[in-house]
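This report refers to the structure that appears directly beneath it.
The values are calculated or read from the model by the stated rules, or taken from the named source; none is laboratory data. None of these values were measured; they are calculated from a predicted model. Here the Cβ positions follow ideal geometry from the backbone for every residue, glycine too, while neighbour counts run over all protein chains shown. In case anyone asks, the SASA skips ligands and DNA or RNA and just uses the protein heavy atoms, side chains included. Shrake-Rupley method; radii C 1.70, N 1.55, O 1.52, S 1.80 Å.
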Amino acid sequence: MWDYTDKVNEHFRNPHNVGKVENPDGEGQVGSLACGDALKLMFKLDDEGRISEAKFQTFGCASAIASSSALTDMIIGKTLEEAEKITNKDIADYLGGLPKQKVHCSVMGREALEAAIYNYRTGKTWSKEIEGEVVCHCFGVTDKEIEEAIRNNDAQTVEDLTDTCKAGGGCGNCIPELEAILKRVTAEMEAEKNKPVQMPMTNLQKIHLIEDVIDREVRPALRQDGGDLELIDVAGDIVTVRFRGACSGCVVSAITLKDVVEARLKENVSEDITVEEIK
Ligand code: FES
């Protein structure tokens, strides 16, 4: 017997929004009866583009029913952009948590919502294959879903993956590939965690860097032709300069300004920099 929260039991015993929406704007079906879990989700939008009605039909266990019921409650009143931000973890949290082995029920809810939104936007039926390469053929689980299970649900072992998205829970042929994906994504996540946080430059640091780039990359070239450049001001991403010597009356100074001065500063300081000349 699974240890379900009161909220899961409540949604399982008295599920909300069971049934069919007449003339739905979007509908999506995931899972299959052969696998023991299937969920169909339908919704209708109001004139403001908010979900006014959402219903589901499911063939699944208590947690599948509770997850679907919770999901329909969560999406009613939301726009599609808001609804698609709901993760399977949000569904599980809404229910006060799900047993580890039942997390895949919340994933199924998330997928059904994705499928229904896809159907609304394209008029087509969503299929998992378009979202990546199928790795686990027993349950039709793609590499993208496996990566999501690792990143969003903290799956750390093949067993965790089976609990989350069923991958690896059948013949076991996909296990070497699951292990390889686990290794790769875990290493990527570790590297992301250890990446030093880039602090934005202060204005003073930016001015010093601009002066340095002008000294090293711009001034020597201008001086070769008897010209020079003076830094007048830096206001946000606008850099104001004045040409000196031969450059000040040069007919191609506008080109020098953009192709040399601005180009070097964009490359070395910030892509957003614009250089303006003051006479
Ligand atoms: S291919 Fe994944 S369990 Fe069979």
Practice task
Among what's in region 87-130 and is charged (D, E, K, R) and within 16 Å of the ligand (Cβ to nearest atom), pick the residue that is surrounded by the most Cβ atoms within 10 Å (Cβ to Cβ).
Solution key: K128
Practice task
With the condition kept exactly as written, say whether any residue in region 102-111 is assigned to a helix (DSSP H, G or I), of a type outside the set (D, E), under 30 Å from L45 (Cα atoms) and modelled with pLDDT of 90 or more.
Solution key: no
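For region 5-57, how many residues are of a type in the set (F, W, Y) and more than 24 Å from F139 (Cβ to Cβ)?
Number satisfying all stated conditions: 1.
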Practice task
Scan region 184-194 and give yes if some residue there is free of Cβ contacts under 8 Å to residues at least 60 places away in the same chain and open to solvent by less than 40 Å² (accessible area, probe 1.4 Å), otherwise no.
Solution key: yes
Completion exercise
Scanning region 148-178 residue by residue, the ones that are open to solvent by 50 Å² or more (accessible area, probe 1.4 Å), away from the ligand (no atom under 12 Å from the Cβ) and either in the same structural domain as D93 (by the TED database) or not β-branched (V, I, T) (or both) total 6
Problem - Meets criteria (within 30 Å of V107 (Cβ to Cβ), small (G, A, S) and open to solvent by less than 50 Å² (accessible area, probe 1.4 Å)) for G227 - result: no
Handout entry: Test result for A62, touching a Leu at 6+ places or on another chain (Cβ under 8 Å), of a type in the set (A, V, I, L, M, F, W, C) and either assigned by the TED database to the domain that holds A149 or open to solvent by less than 40 Å² (accessible area, probe 1.4 Å) (or both)
Key = no
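Looking at E133, E84, which one is open to solvent by 10 Å² or more (accessible area, probe 1.4 Å) and touching a residue at least 12 places away in the same chain (Cβ under 8 Å)?
Answer to the check: E84.
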